[in-house]
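There's a structure below that I have some questions on.
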Amino acid sequence: MKKVCVLLAEGFEEVEALTICDIIRRANMVCDLVSMNGEFVNSSHGVTMKADKIFNSDMEYDLVALPGGMPGSKNLRDDSRVIDFVNRYNQQGKLIGAICAAPIVLGKAGLTEGKDITSYPGFEDELINCNYKEESVVVDGNIITSRGPGTAMEFAYKLIEKLGYDNIEELAKSMLYK
């Protein structure tokens, strides 16, 4: 069974985090909401969420997903444990997803150079030497990026597709997506 980790830092974007988690779980995959600090994490809009797990650098998943939000994305970017974690996943060829402002984590980790990347408008300067695209979802190798809350469902469907889920159209239809 495929396993996904959604990293939650203080100030995360709840629409993105929960949409990713919801669609992955509907695809019958494991999805853990993982806090970078304590058991409870506050979102960028004042929603407090209880995490499934607390971060441990030895965690093993098939995909790590980084939701955006402010200051959540900056908190992820400025946490050396996250940088080390995404670099290790990249070296192992594992999937890394980042939406909204969260691609700035990939920029700091040095994972955007020469890659096709998208993000929430205004964060392009932190995406070092990438081929910036203004598309809803962009895939370049093992890195999947997306633009923001309004693209969260499309992003989540792309994540499960990359994980090998083959009933996306049926799932999307059951959720009245498109």
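The values are calculated or read from the model by the stated rules, or taken from the named source; none is laboratory data. A quick note: this is a predicted structure, and the numbers were derived from the prediction, not measured. Glycine gets a Cβ as well: all are built from the backbone with ideal geometry, and neighbour counts include every protein chain shown.
Could you please find all residues in region 132-175 being in a strand (DSSP E or B), farther than 16 Å from Met29 by Cβ and in contact (Cβ under 8 Å) with a residue 24 or more places away in the chain?
Asp140, Ile143, Thr145, Ser146
Same structure again: Give the residues of region 1-35 that are farther than 17 Å from Lys74 by Cβ, among the polar types (S, T, N, Q) and outside any loop (DSSP other than H, G, I, E, B), sorted by residue number.
Listed by number, the list holds a single entry, Thr19.
Could I ask something else about it? Being modelled with pLDDT of 95 or more, of a type in the set (A, V, I, L, M) and more than 18 Å from Lys3 (Cβ to Cβ) is the requirement here; does Ile54 meet it?
In short, no.
Which residue pairs have Cβ atoms under 6 Å apart, sit 6 or more places apart or on different chains, and have a first residue in region 24-42 that is in contact (Cβ under 8 Å) with a residue 12 or more places away in the chain and crowded, with 19+ Cβ neighbours inside 10 Å and a second that is not hydrophobic (A, V, I, L, M, F, W, C) and not in a loop (DSSP other than H, G, I, E, B)?
Pairs found: Cys31/Arg25; Val34/Lys53; Val41/Ser35.
Go through the residues of region 36-45 one by one and say whether even a single one is within 21 Å of Gly150 (Cα to Cα), under 12 Å from the mean Cα position of the chain (by Cα) and not in a loop (DSSP other than H, G, I, E, B).
Checking region 36-45: not a single residue is within 21 Å of Gly150 (Cα to Cα), under 12 Å from the mean Cα position of the chain (by Cα) and not in a loop (DSSP other than H, G, I, E, B).
Can you pull out every residue in region 154-170 that is surrounded by fewer than 21 Cβ atoms within 10 Å (Cβ to Cβ), of a type in the set (A, V, I, L, M, F, W, C) and under 20 Å from Pro67 (Cβ atoms)?
The one that is surrounded by fewer than 21 Cβ atoms within 10 Å (Cβ to Cβ), of a type in the set (A, V, I, L, M, F, W, C) and under 20 Å from Pro67 (Cβ atoms): Leu163.
Among the residues of region 52-74, what is the count of those that are in contact with a strand residue (DSSP E or B) (Cβ under 8 Å, 6 or more places away or on another chain) and not in a loop (DSSP other than H, G, I, E, B)?
Matching residues across region 52-74 total 8.
Does Ser80 fit the bill of being crowded, with 19+ Cβ neighbours inside 10 Å and of a type in the set (Ser, Thr, Tyr)?
Considered against the rule, which asks whether it is crowded, with 19+ Cβ neighbours inside 10 Å and of a type in the set (Ser, Thr, Tyr), Ser80 comes out as no.
Further question on the same structure: Among the residues of region 45-63, is there at least one that is closer than 16 Å to Lys162 by Cβ, surrounded by 21 or more Cβ atoms within 10 Å (Cβ to Cβ) and touching a Leu at 6+ places or on another chain (Cβ under 9 Å)?
Yes, because at least one residue in region 45-63 is closer than 16 Å to Lys162 by Cβ, surrounded by 21 or more Cβ atoms within 10 Å (Cβ to Cβ) and touching a Leu at 6+ places or on another chain (Cβ under 9 Å).
Taking region 88-131 on its own, how many of its residues are crowded, with 16+ Cβ neighbours inside 10 Å and either touching a residue at least 60 places away in the same chain (Cβ under 8 Å) or not in a helix (DSSP H, G or I) (or both)?
Here the count works out to 21.
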